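Here's the structure, in structure tokens; my notes come after.
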Amino acid sequence: MIRINLLPEKKKKKKPKPVPGFIVAGAILSTVALIVVIFVTYNVKAELKSLRERSARNKERITALQKRLKELKNYEALLQSVQKKKEIIVSLRKNQEIPVRLLDDLSRYLPDSVWFKSLQMKGKIVNLDGFAFTNSDIVNFVNNLKRSDLFKSVSLLETRRQEITEKELKEKITVYYFRMVLEVKG
């Protein structure tokens, strides 16, 4: 007897072939590598963001510090200016006594027949030009100044006889011109 099977025949499913190990290992390694790359990228981006924020804060701080540095330099310049002015004031106070004493001694020892044409003081040196009616008046004046304790040295540089015209009297008067240098002590 012949049997005829009219039922569809069940096809046997073929067993899938196992996936080779290197493909599985490659897929796992690729996935791990992808996860690592994503993680590193995220960390680098976070670090970059952090560094940019830090850079912005540092720039702001640098700007603020530059303003303070400028203020400090202005303050130092002002302080130096005030210090120089203070030194000038102290120097003037220290030296204001010398001209007063100089004029006092000159007027104290000045004979009636002697008068000054010019008086210049540069530092401790005094240049004095003047006239006298007699040569002995000039000598008395020089000797009087040498006795003063204000002067270190008194030097008579020049004396000469000179005629000047008196406008009111309309006549010539003979006088003695003198030039001397005085050195102030201290």
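Taken together, the values in this text are just the output of simple stated rules run on the coordinates, not laboratory data. Just so you know, these numbers come straight off a predicted model, no measurement behind them. Don't worry about glycine lacking a Cβ; one is built from the backbone with ideal geometry, like all the others, and counts go over all protein chains shown.
For segment 153-186, how many residues are in contact with a strand residue (DSSP E or B) (Cβ under 8 Å, 6 or more places away or on another chain) and farther than 17 Å from Gln120 by Cβ? Let's see the steps before the verdict.
So the first thing to find is which residues in segment 153-186 are in contact with a strand residue (DSSP E or B) (Cβ under 8 Å, 6 or more places away or on another chain), and the list is 153-166, 171-185.
Now drop any that are not farther than 17 Å from Gln120 by Cβ, which leaves 159-166, 171-176, 185.
Matching residues across segment 153-186 total 15.
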Q. Going through segment 1-40 one residue at a time, which ones are of a type outside the set (A, V, I, L, M) and part of a helix (DSSP H, G or I)?
A. Gly21, Phe22, Gly26, Ser30, Thr31, Phe39
Q. What number of residues within segment 168-186 are exposed (fewer than 15 other Cβ atoms within 10 Å of the Cβ) and either assigned to a strand (DSSP E or B) or of a type outside the set (D, E, K, R) (or both)?
A. 8
Q: Might you let me know whether segment 93-112 holds any residue that is of a type in the set (Phe, Trp, Tyr), surrounded by 10 or more Cβ atoms within 10 Å (Cβ to Cβ), part of a loop (DSSP other than H, G, I, E, B) and out of contact with any Gly (no Cβ under 6 Å at 6 or more places or on another chain)?
A: no
Q: Residue by residue through segment 132-162, note down the ones that are in a strand (DSSP E or B), of a type outside the set (Ser, Thr, Tyr) and surrounded by 11 or more Cβ atoms within 10 Å (Cβ to Cβ).
A: Ala132, Phe151, Lys152, Val154, Leu156, Leu157, Gln162
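Test Thr165 against the stated conditions and say whether it is polar (S, T, N, Q), surrounded by fewer than 10 Cβ atoms within 10 Å (Cβ to Cβ) and part of a strand (DSSP E or B).
Numbers: polar (S, T, N, Q): yes; surrounded by fewer than 10 Cβ atoms within 10 Å (Cβ to Cβ): yes; part of a strand (DSSP E or B): yes.
Yes; evaluated as a whole, the condition is true for this residue.
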Q) Between a first residue in segment 139-156 that is without any contact (Cβ under 8 Å) to a residue 12 or more places away in the chain and a second residue that is assigned to a strand (DSSP E or B), which pairs have beta carbons less than 8 Å apart while being 6 or more apart in sequence or on different chains? A) Lys146/Val154
